[in-house]
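Some notes on the structure that comes next.
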Protein chains: 2
Amino acid sequence: MLTNTIHRGRQSILFADPPSILSYASVVGKKESQGPLGNSFDLSIQDGHFGQESWEKAESHLQRTSLKLALQKAALEEEDLDAVLLGDLLNQCIGSSFSMLGKNIPTLGLYGACSTMAESLLLGAMSVSGGFCRRIAALTSSHFASSERQYRFPLGYGGQRCPTAQWTVTGSGAVILGKEEKGPYIRSATVGCIVDSGITDANNMGAAMAPAACDTLCAHFRDLNCSPDDYDLIVTGDLGSLGSQALRDLMDAEGIPLGKNYRDCGVMIFDCKKQDVHCGGSGCGCSAVVLCGHLLGQIQRRKLNRLLFCGTGALLSPVSVQQGESIPGVCHAVSISSDRE
Amino acid sequence: MLTNTIHRGRQSILFADPPSILSYASVVGKKESQGPLGNSFDLSIQDGHFGQESWEKAESHLQRTSLKLALQKAALEEEDLDAVLLGDLLNQCIGSSFSMLGKNIPTLGLYGACSTMAESLLLGAMSVSGGFCRRIAALTSSHFASSERQYRFPLGYGGQRCPTAQWTVTGSGAVILGKEEKGPYIRSATVGCIVDSGITDANNMGAAMAPAACDTLCAHFRDLNCSPDDYDLIVTGDLGSLGSQALRDLMDAEGIPLGKNYRDCGVMIFDCKKQDVHCGGSGCGCSAVVLCGHLLGQIQRRKLNRLLFCGTGALLSPVSVQQGESIPGVCHAVSISSDRE
């Protein structure tokens, strides 16, 4: 019998006592509801302000809504959560801080850029599997308009988008983890290193993140002695069409080619051409809503059994870009299975 | 014999297998080296740029230096770390992302504002005690000049400071945690909730954070069935002189008065009057360097045996302040003891 002390290799953990995904929920905006995965989300809200007076408040509202839905599905109350692990893309993560106002839920803030959903699942799985928390929520969001204002231009400026650009997903995903014996389960996780490939173009984040995704995938397969074939599906967060092709090329060069079972959430969520989103979706919310809508739905319906979910983050700020710095990437991976073993 | 499954009350954890603090290090700037704790830091650097070309790069350099010193003291290499848990105050935590460039250390980014040192110790302690990581580093920093530019004005503007203002500490602290049986140990931890007391003055962050500190202290004493007298010293991160008095008043009202064994790192680090810092120090680096200089030094020399270290964070951004939002606070607590029991 394995104990919890099964750090395998330096970066990876195989959970001897895998935490259960008790429930999950996704909330998206109008554009996401019109994409190929539109039917998989729990709720879509057609007004981008969600009845709030600022984009930032709208983003907090998204988080509160997805958490509420996830709790409802598991027939749990906020008081049943021992912690929420959450983060977003806004400066000082205000989308997350303000979403938890008045909630009385122990709160641990994370910053992993668009890798946040994977990071919160990874740390949440440790806290539950280790017996430190009974139930936790992993929560994240992004909002197209709050991101555009902060990273690029306010929407009213009508800035031009270049062909390598991606479209920040408006959405929030929430997962509740607990100790119950009820699939799906989080089976293993790999913590990523920060990888800098020297990309300085803030409109080409897929390229900036692909080397980090490659680094983490290689570590995962090495540490856990497995291969891409051991998964029904491997997804990255938001490399987009260019970045996911770059990842395929990098993995080919490593001798671990990715086959048809590799896809990217940023490519899946939009019809890139029809919806005019160039290279696809991005943002913390992108991989979060694809996981908490389509992917976990597929696992629950047993259309998927073993999923490797790789959150990918581009670690830039407007200040670092203006100072001419390159854009480092990070990728954290968690594997999710229908069964405990 | 206790197992790891000793979540006590909803917010607190008593570690059955308490992780060991293998080493720690602190690096500060000139002003901090001239304060009352000046002799307790490992290194002070007189040039605020630390030989770098921007304040942000200087902050990353601080982190790299404190981590390097902490590893050296424990006779460890970077490769011996299974993870670093880190964060800072800059937008998108670029101080932390860029400090890890080229390091090949699995990296988990956090955002807890000035509570980051406590949050990283708390999550790091879970990861080590739970057997998920063998050794981790908890790391944070702040820099007066990068913070002034981002939150207030560039230094060159010579902005006026009001009497309630605090001075962002230039410094970085690093702690290495492991499973070894060698004190000091992290014995327990309390995860804080976000508390909003309606303060909207970004120059009065002590007042904004005091209610969160009160909330977490009450949870800690309640969950773990202990009292302030059980500690030789209770410190808060950076409430400053006004905020720490506000905390005393709040705790009096709760019927759990804090006595002479309560102090605030923001008050300890500077001679507030002589050094013209108004209400004291602040920033992620404030509590981090006081912990990794003075406090852990006192524990190692057995002048202190039981310390309750409460990191306090004000969750604001310039955007939220400009939108008229209040400033929520958060506080995470970890108790550190010379002995395992």
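The values are calculated or read from the model by the stated rules, or taken from the named source; none is laboratory data. Bear in mind the structure is a predicted one, so any value in this text is a computation, not a measurement. Cβ atoms come from the backbone with ideal geometry, glycine included; neighbour counts cover every protein chain shown.
Scan A:D201, A:D252 and give me the residue that is touching a residue at least 24 places away in the same chain (Cβ under 8 Å) and away from every other protein chain (no Cβ under 14 Å).
Going through A:D201, A:D252 in turn, just one is touching a residue at least 24 places away in the same chain (Cβ under 8 Å) and away from every other protein chain (no Cβ under 14 Å): A:D201.
Could we say that A:L258 is more than 25 Å from A:S20 (Cα to Cα) and of a type outside the set (V, I, T) here?
Criteria met by A:L258.
So, in segment B:26-65, how many residues would count as being hydroxyl-bearing (S, T, Y) and touching a Leu at 6+ places or on another chain (Cβ under 7 Å)?
Count: 1.
Does A:L155 fit the bill of being under 18 Å from A:W55 (Cα atoms) and hydrophobic (A, V, I, L, M, F, W, C)?
Criteria met by A:L155.
For A:G38, which of the numbered conditions (1) within 18 Å of the chain's Cα centre (by Cα); (2) within 14 Å of another protein chain (Cβ to nearest Cβ); (3) surrounded by fewer than 21 Cβ atoms within 10 Å (Cβ to Cβ) fails to hold?
Evaluating A:G38 over (1) within 18 Å of the chain's Cα centre (by Cα); (2) within 14 Å of another protein chain (Cβ to nearest Cβ); (3) surrounded by fewer than 21 Cβ atoms within 10 Å (Cβ to Cβ) leaves (2) as the failure.
Please specify each residue of segment B:178-189 satisfying the condition of being over 14 Å from the mean Cα position of the chain (by Cα) and within 14 Å of chain A (Cβ to nearest Cβ).
B:G178, B:K179, B:I186, B:R187, B:S188
When segment B:299-325 is examined, which residues are found to be touching a helix residue (DSSP H, G or I) at 6+ places or on another chain (Cβ under 8 Å) and within 12 Å of B:I336 (Cα to Cα)?
Of everything in segment B:299-325, those that are touching a helix residue (DSSP H, G or I) at 6+ places or on another chain (Cβ under 8 Å) and within 12 Å of B:I336 (Cα to Cα) turn out to be B:L304, B:N305, B:R306, B:L307, B:L308, B:F309, B:C310.
Among (1) among the aliphatic types (A, V, I, L, M); (2) facing another protein chain (nearest Cβ under 10 Å); (3) free of Cβ contacts under 8 Å to residues at least 40 places away in the same chain, which single condition is B:L155 missing?
(2)
Scan segment B:101-121 residue by residue and report those that are under 21 Å from B:I13 (Cα atoms) and of a type in the set (S, T, Y).
B:Y111, B:S115, B:T116, B:S120
For segment A:120-135, does any single residue satisfy the condition of being more than 9 Å from chain B (Cβ to nearest Cβ) and over 16 Å from the mean Cα position of the chain (by Cα)?
Yes - at least one qualifying residue is present in segment A:120-135.
Among the acidic types (D, E) and surrounded by 24 or more Cβ atoms within 10 Å (Cβ to Cβ): does that describe B:D88?
yes
Every residue in segment A:318-340 that is closer than 21 Å to B:Q150 by Cβ and touching a residue at least 12 places away in the same chain (Cβ under 8 Å), please.
The answer is A:P318, A:V321, A:G324, A:E325, A:S326, A:I327, A:P328.
Across segment A:120-137, what is the total count of residues that are over 18 Å from B:H332 (Cβ atoms), of a type in the set (G, A, S) and crowded, with 24+ Cβ neighbours inside 10 Å?
So the count comes out to 2.
Would you mind finding the one in B:A213, B:A207 that is modelled with pLDDT of 95 or more and farther than 23 Å from B:C93 by Cα?
The conditions single out B:A213.
Could you please find all residues in segment B:292-326 being more than 22 Å from B:S227 (Cβ to Cβ) and surrounded by 24 or more Cβ atoms within 10 Å (Cβ to Cβ)?
B:C292, B:G293, B:L296, B:G313, B:A314, B:L315, B:L316, B:S317, B:S320
State yes or no: is B:G324 at positive phi, within 14 Å of chain A (Cβ to nearest Cβ) and of a type outside the set (S, T, Y)?
Answer is yes for this residue.
Out of the residues in segment A:68-85 that are in contact with a Leu (Cβ under 8 Å, 6 or more places away or on another chain) and surrounded by fewer than 17 Cβ atoms within 10 Å (Cβ to Cβ), state the one that is farthest from the other protein chains (Cβ to nearest Cβ).
For segment A:68-85, the residue satisfying everything is A:E77.
Just name the residue that is surrounded by the most Cβ atoms within 10 Å (Cβ to Cβ) out of those in segment B:92-119 that are without any contact (Cβ under 8 Å) to a residue 40 or more places away in the chain and under 29 Å from A:D17 (Cα atoms).
Restricting to residues being without any contact (Cβ under 8 Å) to a residue 40 or more places away in the chain and under 29 Å from A:D17 (Cα atoms), the top hit is B:L110.
Name every residue in segment B:267-296 that is of a type in the set (D, E, K, R) and in contact (Cβ under 8 Å) with a residue 12 or more places away in the chain, in order of residue number.
Scanning segment B:267-296 gives a single hit, B:D271.
Consider B:L315 against the criteria (1) in contact with a Pro (Cβ under 9 Å, 6 or more places away or on another chain); (2) within 17 Å of B:Y24 (Cβ to Cβ): it satisfies all of them except one. Which criterion is unmet?
Of everything listed in (1) in contact with a Pro (Cβ under 9 Å, 6 or more places away or on another chain); (2) within 17 Å of B:Y24 (Cβ to Cβ), B:L315 misses just condition (2).
Whether any residue in segment A:90-101 is away from chain B (no Cβ under 12 Å), touching a strand residue (DSSP E or B) at 6+ places or on another chain (Cβ under 7 Å) and at negative phi is what I want to check.
No, there is no match, as no residue in segment A:90-101 is away from chain B (no Cβ under 12 Å), touching a strand residue (DSSP E or B) at 6+ places or on another chain (Cβ under 7 Å) and at negative phi.
Look through segment B:177-211, keep the residues that are of a type in the set (A, V, I, L, M) and touching an Asp or Glu at 6+ places or on another chain (Cβ under 9 Å), and return whichever of them is nearest to B:C162 (Cα to Cα).
B:M205
Do we have B:L307 as at pLDDT 95 or above and within 22 Å of B:G95 (Cβ to Cβ) here?
It is false that B:L307 is at pLDDT 95 or above and within 22 Å of B:G95 (Cβ to Cβ).
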